Amino acid sequence: MSESTTDVARDQLAQAAIAGINHRMMVGLGTGRAATRAIRALADRIRNGGLAHIKAVATSNASADLARELGIEVVEMRDTLTVDVLFDGADEFDDEMRMIKGGGGAMTREKIVAYAARRTVYLVQHTKRAERLGDSFRVPVEVLDFALGVLTSRFEWLGLDPRMRLDDKAQPIRTDNGNLILDLAMPADPDTNPGDRNAMDPEMFRAALNTMPGIVDHGLFLDEADEIIIEDENGDLSRLVRQKS
Ligand code: 5RP
C-alpha cells in the first residue's frame with residue numbers, strides 16, 4: 001500500500017462517505033475539502049478493485065478535474081437522470097439538519113445534484129454546528145449580471161447587507177456557470193425579534209429568495225440532507241439522520 005493509499009484508508013470521514021456506494025452506481029461528487037477527501041477515498045476503492053463500473057457527476061469543475069485525474073469516470077450532469085448517492089460538504093448545519101452551503105461558490109450545481117440524488121450524505125467538522133443557522137456564515141446567492149442592480153437594492157432594503165464575493169485581487173468571483181455571488185446576512189429571528197419587519201426564519205428566507213427573479217440559486221439547503229456525518233477534533237464520527245415520514 002502506498003503512503004497516500006494508507007492515509008485515505010485511515011480517513012474515517014471519507015470512508016464513511018463512500019460506505020454505501022456499490023458497484024454500478026452513479027455517484028455525485030461534492031465540492032470542497034471534505035468532499036475532496038471522499039473523492040480520493042472513492043478513487044482508491046475503485047483502483048483497488050473494491051468498486052466496479054462506477055460513474056460520477058461533479059458539482060464543480062474543480063471536483064470533475066480532480067476525479068478524472070484520479071481515474072474516476074465523470075459524465076455530464078445534463079445527460080444524467082438520477083444519482084444514486086451524493087456526498088458533499090457544508091459550511092454550517094443545525095440540529096434540524098438545515099445547512100448553509102456555497103463557501104466554494106458551487107451551491108447551484110450542488111443543489112441540482114442533491115435534487116437528482118436518491119440519497120445525500122454531507123460531511124462536516126463539528127465546529128460547523130450552529131445554534132442558529134447563519135451565526136457564523138453568510139448565505140451565498142448566485143445572481144445573473146442582468147439582475148445585479150435590482151437584487152442588490154432589494155437585499156439592502158431587506159437589511160441583508162449584500163456583499164459581492166471577491167477574489168484576492170478584489171475582482172468579482174464568477175461561478176462555474178459564469179455568474180456573480182452575493183453573500184447575504186441571515187435575517188433576524190422572528191421569534192426573538194417580533195417587532196422587526198425584516199425578520200425571517202430560514203424557511204421564510206428560502207421562500208423569499210426563491211421568488212426573486214435573477215437569482216439562479218442560493219446556499220440555503222434546508223431539506224436536502226438525508227445524513228450529516230460530523231467529524232470531531234479526534235477524527236471520531238457522529239451522525240444526524242433524517243427520519244423519513
Ligand atoms: C462549496 C461548498 C462546500 O461543500 C462547503 O464550502 C464546505 O467546504 P469544506 O469541506 O472545504 O469546508 O458548499 O460550494
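No value in this document is a laboratory result; all are computed from the given coordinates. Source: prediction; values computed, not measured. Cβ placement follows ideal geometry from the backbone for every residue including glycine, while neighbour counts extend to all protein chains displayed.
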### Query
What order do you get for Glu227, Glu156 when you list them from fewest to most C-beta neighbours inside 10 Å?
Glu156, Glu227
### Query
If you count the DSSP beta bridges with both ends in the chain, what percent of them are antiparallel, to the nearest 5?
50 percent
### Task
For the chain, go through all pairs of different Cα atoms, get the mean of 1/r, take its inverse, and jot down that Kirkwood value in Å.
18.7 Å
### Message
Just to confirm the number: angle between the C-alpha axis of helix 107-116 and the first principal axis of the chain, 0 to 90 degrees, nearest 10?
### Response
60 degrees
### Summary
For Lys244, counting only aspartates and glutamates whose alpha-carbon sits under 20 Å away and dropping same-chain residues fewer than eight positions off, the answer is Asp84, Asp94, Asp95, Glu96, Glu203, Asp223, Glu224, Asp226, Glu227
### Summary
Note, Asn193: beta-carbon cut-off 14 Å, +1 each Lys/Arg, -1 each Asp/Glu, net -2
### Task
Treat the count of other C-beta atoms within 10 Å as a stand-in for reagent exposure and order Leu158, Leu151, Leu42 from fewest to most.
Leu158, Leu151, Leu42
### Query
What residues qualify as long-range amide H neighbours of Val83, i.e. H under 5 Å apart, gap of 5 or more or another chain, H built at 1.01 Å from N?
Ala117, Arg118
#### Entry: the range 80-111 and the range 1-68: distance between their alpha carbon centers, rounded to Å
16 Å
### Query
Can you give the FRET efficiency for Thr80 and Arg197, using 1/(1 + (r/R0)^6), R0 = 35 Å, r = Cβ-Cβ distance, to the nearest 0.05?
0.25
### Length-normalised contact order of the chain in % [C-alpha pairs under 8 Å, at least 6 apart]
20 percent
### Query
When the convex hull of the C-alpha atoms of the range 139-219 is computed, what volume per residue in Å³ does it have?
91 Å³
### For Phe93, Phe221, order by how many other beta-carbon atoms lie within 10 Å, fewest first
Phe93, Phe221
### Message
Can you give me the distance in nm between label points at Lys244 and Ala185, each placed 7 Å from the Cα along the Cα-to-Cβ direction?
### Response
4.2 nm
### Message
At 0.36 nm per residue, and after removing the present C-alpha to C-alpha distance, how many nm does the segment from Glu69 to Met212 gain when stretched out fully?
### Response
47.6 nm
### Task
Give the relative contact order (percent, whole number) for the range 124-245; include only Cα pairs under 8 Å separated by 6+ residues.
31 percent
### Summary
Label model pair Ser136, Asn22: point-to-point distance (7 angstrom along the Cα→beta-carbon line) in nm is 3.9 nm
### Message
Treating only the Cβ of Lys, Arg, Asp and Glu as charged (+1, +1, -1, -1), what charge dipole size does the chain show about its Cα centre? Round to the nearest 20 debye.
### Response
700 debye
